[in-house]
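The values are calculated or read from the model by the stated rules, or taken from the named source; none is laboratory data. This one's a predicted model, so the numbers in the text were calculated from it and none came from an experiment. All Cβ positions, even for glycine, are placed from backbone atoms using ideal geometry, and neighbour counts span all protein chains on display. Surface areas here come from the heavy atoms of the whole protein model, side chains and all, with no ligands, DNA or RNA. Shrake-Rupley method; radii C 1.70, N 1.55, O 1.52, S 1.80 Å.
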Amino acid sequence: MEYSAQQFDIIVIGAGVMGSSTAYQTSKRGQKTLLLEQYDFFHHLGSSHGESRTIRATYPDDYYTDLVLDSYALWEQAQSEIGYKVYYKAHQFDMGPSDSESLNAIIASCRKKSLPHRVLNSQQVAQQFSGRIQIPENWVGLYLDKGRVIKPSKAVSMFQTLASKNGAVLKDNSKVIEIKKIGGENDGVLVSTASGESFRGKKCVVTVGAWTRKLVKRVSGVELPIQPLETTVSYWRIKEEYVSDYAIDNGFPSFASYGDPCIYGTPSFEYPGLIKVGIHGGYPCDPDKRPWRPGFLLGAMKEWIEERFSGRVDSSEPVMTQLCMYSMTPDEDFVLDLLGGEFGKDVVVGGGFSGHGFKMAPAVGTLLADLALTGETKGLDLEYFRIGRFSDNPKGNVKHY
């Protein structure tokens, strides 16, 4: 085979938001970049489709707060380059029992990071939201300006368009079945697809979401504890007289509820008159043999909606549901690392985003590009994201909340 005609500086495998952001970054730095996707671009089989995601800086782990804050500026930068908006201003409201370890860790992190915030009791919450949100007397709320709502499919398109403008080559329906090390230390890798095409790259970045465990094991034998989950988000009808009260334009926030179950949602935005509510979690599945059925705690969600929204949202049943995929690690921390072994520094893995990574895609793409090009990252210690943490402890990073 004549490799020179199909040779690249960087090959990115997986064109969801993480891979597309990475390809945007590497092509922006003048690297000849190839972005490969196993299905059609913008497919609905993974984790990067849909109409809304939240950006929140409220995390119990400081290292995520830093990534989110970096991402705010990077979202703005990419938006200015493309010329249209993919994310929109919203406040963020977290709530939960006053003794919730997770929520108290988040409040402590806000103080440590000097994030402007307000901790509200139940009466203050009712006053702040004019009755649109109600919490029990033994709960507290955390209210911040640092929130946003992202249009996910539009964001993926933005990164791919910018990468293409920077000279990247984009190919969909190109399922990668093999990554092989070529020759010596600096000779790179050979990436082969199911259709028989092969591409040579100096470096390779793997960002295949729910398929990460399968592909990494196939090409290297390394078993990453990344479990695909099928999850469901649902949309609920706001009662007619309250429709405007829950709209993003009227200041209703994105929200998260730290209890059992853990619930999150966005203001009424993409579908006027409907509000999006989801449960953080899902059911284990094979991404190639999915059950394709809504599977969430409907009773618990109905009760939460009726109580938190003061009966202003019809809690009898959702009017629409959408399925999505999570890629869960045991500690719900990302995997951002060199694959190592025979590949040395030639293959980088980005995965295990555990249902909370989309908002940080610009920062993650920057880090993965750094790793691919230099073997290290600038400004962030990858201690919490290393593959090796699972060798030390199968559960990964120890959590104190």
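Filter the range 198-214 down to the residues that are under 14 Å from the mean Cα position of the chain (by Cα), of a type in the set (A, V, I, L, M, F, W, C) and open to solvent by 10 Å² or more (accessible area, probe 1.4 Å) and list them by number. VAL208, the sole residue that qualifies. Figure legend. Inter-residue proximity from the range 1-30: first residues over 20 Å from ASP172 (Cβ atoms) and at pLDDT 95 or above, second residues open to solvent by less than 10 Å² (accessible area, probe 1.4 Å) and of a type in the set (S, T, N, Q), beta-carbon distance below 7 Å, spacing 6+ or different chains. Indicated pairs: ASP9/THR33. Within the range 357-366, can one find any residue that is part of a loop (DSSP other than H, G, I, E, B), outside the structural domain of ALA256 (by the TED database) and either open to solvent by less than 30 Å² (accessible area, probe 1.4 Å) or in contact with a Ser or Thr (Cβ under 6 Å, 6 or more places away or on another chain) (or both)? Yes, some residue in the range 357-366 is part of a loop (DSSP other than H, G, I, E, B), outside the structural domain of ALA256 (by the TED database) and either open to solvent by less than 30 Å² (accessible area, probe 1.4 Å) or in contact with a Ser or Thr (Cβ under 6 Å, 6 or more places away or on another chain) (or both). Out of the range 230-271, which residues are under 30 Å from TRP211 (Cα atoms), of a type outside the set (Gly, Ala, Ser) and assigned to a strand (DSSP E or B)? Result: GLU230, THR231, THR232, VAL233, TYR235, PHE255, ILE263, TYR264, THR266. Here the range 75-126 is the region considered, the condition is being of a type in the set (Ser, Thr, Tyr) and assigned to a strand (DSSP E or B), and the residue that is nearest to THR22 (Cα to Cα) is TYR87.
If you go through the range 143-181 and keep only what is among the β-branched types (Val, Ile, Thr) and open to solvent by 30 Å² or more (accessible area, probe 1.4 Å), you end up with THR161, VAL169, ILE177. If the condition is being open to solvent by 20 Å² or more (accessible area, probe 1.4 Å), outside any strand (DSSP E or B) and at negative phi, then the range 216-229 contributes LYS217, ARG218, SER220, VAL222, GLU223, PRO225. Has the range 194-206 got any residue that is closer than 19 Å to HIS356 by Cα and either free of Cβ contacts under 8 Å to residues at least 60 places away in the same chain or of a type outside the set (Phe, Trp, Tyr) (or both)? Yes, the conditions are met somewhere in the range 194-206.
The number of residues in the range 36-52 being part of a strand (DSSP E or B) and surrounded by fewer than 24 Cβ atoms within 10 Å (Cβ to Cβ) comes to 0. Scanning the range 108-126 for residues that are surrounded by fewer than 18 Cβ atoms within 10 Å (Cβ to Cβ) and touching a His at 6+ places or on another chain (Cβ under 9 Å) yields one hit, ARG111.
Yes/no per residue for (1) outside the structural domain of SER257 (by the TED database); (2) in contact with a His (Cβ under 8 Å, 6 or more places away or on another chain); (3) surrounded by 19 or more Cβ atoms within 10 Å (Cβ to Cβ):
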{"position": "ALA15", "(1), (2), (3)": "yes, no, yes"}
{"position": "MET18", "(1), (2), (3)": "yes, no, yes"}
{"position": "ALA23", "(1), (2), (3)": "yes, no, yes"}
{"position": "THR26", "(1), (2), (3)": "yes, no, yes"}
{"position": "GLY30", "(1), (2), (3)": "yes, no, no"}
{"position": "LEU34", "(1), (2), (3)": "yes, no, yes"}
{"position": "ASP62", "(1), (2), (3)": "yes, no, no"}
{"position": "TYR72", "(1), (2), (3)": "yes, no, no"}
{"position": "GLY96", "(1), (2), (3)": "no, no, yes"}
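Given the criteria open to solvent by 10 Å² or more (accessible area, probe 1.4 Å), aliphatic (A, V, I, L, M), out of contact with any Asp or Glu (no Cβ under 8 Å at 6 or more places or on another chain) and outside any loop (DSSP other than H, G, I, E, B), does VAL140 qualify? For VAL140, the condition - open to solvent by 10 Å² or more (accessible area, probe 1.4 Å), aliphatic (A, V, I, L, M), out of contact with any Asp or Glu (no Cβ under 8 Å at 6 or more places or on another chain) and outside any loop (DSSP other than H, G, I, E, B) - is met. Within the range 288-323, if we keep just the residues that are part of a strand (DSSP E or B), open to solvent by 20 Å² or more (accessible area, probe 1.4 Å) and touching a strand residue (DSSP E or B) at 6+ places or on another chain (Cβ under 9 Å), the residue that is farthest from THR231 (Cα to Cα) turns out to be MET320. Looking across the range 301-329, the residues that are at pLDDT 95 or above and under 18 Å from PHE252 (Cα atoms) come down to TRP304, ILE305, GLU306, GLU307, ARG308, PHE309, GLY311, ARG312, VAL313, ASP314.
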